[in-house]
1. Obtain the nm distance between the two label points defined at A:V492 and A:S333 by a simple spin-label model: each point lies 7 Å from its Cα along the Cα-to-C-beta direction.
2. PRE reach from B:I80 (point 7 Å along Cα→Cβ): which of the range A:166-203 fall under 13 Å by backbone N?
3. Using the beta-carbon distance between B:R22 and A:Y53 and R0 = 51 Å, what value does 1/(1 + (r/R0)^6) give for FRET efficiency, to the nearest 0.05?
4. Report the full-extension gain for the segment A:R213 to A:R30: residue separation times 0.36 nm, less the Cα-Cα distance, to one decimal in nm.
5. Might you report the magnitude of the Cβ-based charge dipole of the range A:225-346 about its Cα centre, with Lys and Arg at +1 and Asp and Glu at -1, to the nearest 20 debye?
6. Dipole of the protein assembly as shown, Cα-centred, from +1 at each Lys and Arg C-beta and -1 at each Asp and Glu C-beta, to the nearest 20 debye?
7. May I ask for the Rg/Rh ratio of the range A:190-277, computed from Cα atoms with Rh as the Kirkwood radius, given to two decimals?
8. Restricting to the protein assembly as shown, compute how many DSSP beta bridges are antiparallel as a %, nearest 5.
Amino acid sequence: MSVLDHLPVLPIIVPLAAATVMLLLSESRRGLRTSIALGSLLVQLAVALTLLYQTTDAAAHIWDDGIGVYPIGGWPAPFGIVLVVDRLSAMMLSLVAIVSLSVLVYSLAHWDKPGQPFHSLFQLLVMGQNGAFLTGDLFSLFVFFEILLAASYGLVLRGTGMGRVRTGLHYIAVNLAASFLFLIGVALMYGTVGTLNMADLLGRVAALEPDERALFDAGAWILGIAFLVKAGSWPLNSWLPGAYAVSMAPIAAGFAIMTKVGVYAVLRIGTLMSEDEAAATILGSILYYTGLVTLVSGSIGMLATQHLKRLVAYSVIVSSGLMLASLGLGVESVTAPVLFYLVTSVLTTAAFFLLTGMTDRTRLQAPVTDHIETDREMMPDYMAFGIRAPDPYGTEEEVGAAIPAAMAFLGLMFVCCVLLVTGLPPLPGFVAKFTLLSVVLETTPTVGARNAGWVLAVAVLATGLVGIIALTRIGMRLFWSSTERRTPRLHVTEAAPVAFLVLVCLVLAAASAPVMRFLEATANSLHDPDTYITTVLSSIPDTHGDAESSSGDLGGGAP
Amino acid sequence: MELVYALAVGILVSAGVWLLLRPRTFQVIMGLSLLSYATNLFIFGMGRLHMQRPPILNDAAPDPSLYTDPVPQALVLTAIVIGFATTALFLVVLLALRGLSGTDHVDGREPEQ
């Protein structure tokens, strides 16, 4: 096997190795640590973009149908664990790499001060996300979920303080319970069909006896509920706004893609398990209704809150609700616009969370409202853990270049983010919502689906309006009531990532035609699970000698 | 045997869920532990319950029906490790909350009387 054949495993190995090496480095080696973290993410970005290229039609000679299979240790599916790169995986990998790189550069400004091992945890978070998007095995999906969650538990608590510890406790408890649901679902599915390989499921499900089929469906539902917890769907999302609002700005931005892991899992497992192509989800019409309620409750939350970061957290819920409700319609042509919306919403919320870290500094003193306690008063209690609270409001002077016209930059970025979140032209938030709604209203197989589509369209437009009202109110307080504000000193490394993410969004809007073509190809291959299944199951390594050498290189895939 | 096993899992789950919904952090962590035991037993049970059957193949008896399914046992091992690690982390957060707030209520403050 050539080096290129090993590309799919790099997004998992590289951050794992980087995290391990950085744990062993002493606190004083900040330069080395930074370069390892940056290097790891740059490699991942390069790998992700290469994989993305390999799945497109432009490189059809590399992989048939744009699906690459990497059997870990050379064991063929369904007995070994496989990594599968298809268009959706490659797209999500690229998204993770772009967002994580921006977040890392941003955090170098002053957020990664010594204390907890920020860089190692962050690399593990990225590794968990990459692994969840790559794996073709239900149980390793669970393992990667746990890795990213365990890293996120540590990151939420970073900086400590009463608010973070209390919200972190709720966050951990909810997600642990969800993990048990995940395990029970996976165990039920294994107990009935006898396989954990996602590609192997469909064929075996069809052969089940009716009583076993009922058990399998119960397992799928339980698994679906676990995914909905991760996706931030109502009524399982009460952990989300708090956890995002208390964690530091770059960490919340790094979490921007976490709820989308849940949406991805619903989409992936759902399309692989549906026998008739119209019912594209495991949860069926329930998904539509919970998504709709999520959408509405998220926008009520946006109206109710006064705190910008919490408001952005609610907008994450709104975007999750929109995606789940659209997928729940069960209309195949809706998938491509949903994926476009997913990409823009991840980039937008990441940029917005990063921005809140800077707008927080325009305050003259620390805020006391909305359950966000200041961290400084809590510090003495915490020295026993060897943790120092970084100053979230940046009163200490940072070294390095500051950018001019800080307030103008903040204002401009804020306007861009608002336009993106609410879906106003000319930014891609509008393109995404517009294509989504036009597809929803055009493709109407039945009267029931047409009504559901209209309800969804009204809800999306209404929540957009609510979003504008809520964000405008906060924007006026941030930028127009200048007497209570001071102009913060903005670091180039903080400003550049936000500008970069917004720029990526602009490029997406400008290049929306080719992007949509790619996404339609993605959706088509998703709704054609037979290709995926045959590609994965026929992925026997070329020769015996090759299989042996690769298993020696990489070790077993089982944890 | 199946009935006793199922009853044990059921009792563990119901006790775990009840404790998880209690307001004290110690009760919550006990609930999570009981839930994780129940989950592990459940996964194990999904490999079907057999007596006197080894999970690892050897050359002496190549007939697969003489063996029990090894996959759930491997899954349980992984689940135990992960559950143990996250429970340990939860314990640290629990102690931190106790240290910061001076109370063992999950919200960090006692409800108003």
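1. 4.9
2. Of the residues in the range A:166-203, none has backbone N under 13 Å from the label point off B:I80.
3. Calculated value: 0.45.
4. On the way: separation 183, 0.36 × 183 = 65.88 nm, distance 5.54 nm.
Taking 0.36 nm per residue and subtracting the Cα distance, the gain is 60.3 nm.
5. Working: 5 positive and 4 negative charges, 116 e Å.
With only Lys, Arg, Asp and Glu charged at Cβ, the dipole is about 560 debye.
6. Values: 33 positive and 46 negative charges, 495 e Å.
Dipole magnitude for the protein assembly as shown comes out near 2380 debye.
7. Ratio of gyration radius to Kirkwood radius for the range A:190-277: 1.11.
8. Numbers: 9 of 9 bridges.
Here the share of antiparallel DSSP bridges comes out near 100 percent.
Every read-out reported here was derived from the displayed coordinates using simple, explicitly stated rules and does not represent laboratory data. Just so it is clear, the model here is predicted, and its values are computed rather than measured. Every residue, glycine as well, gets a Cβ built from its backbone with ideal geometry; the counts of neighbours run over all protein chains shown.
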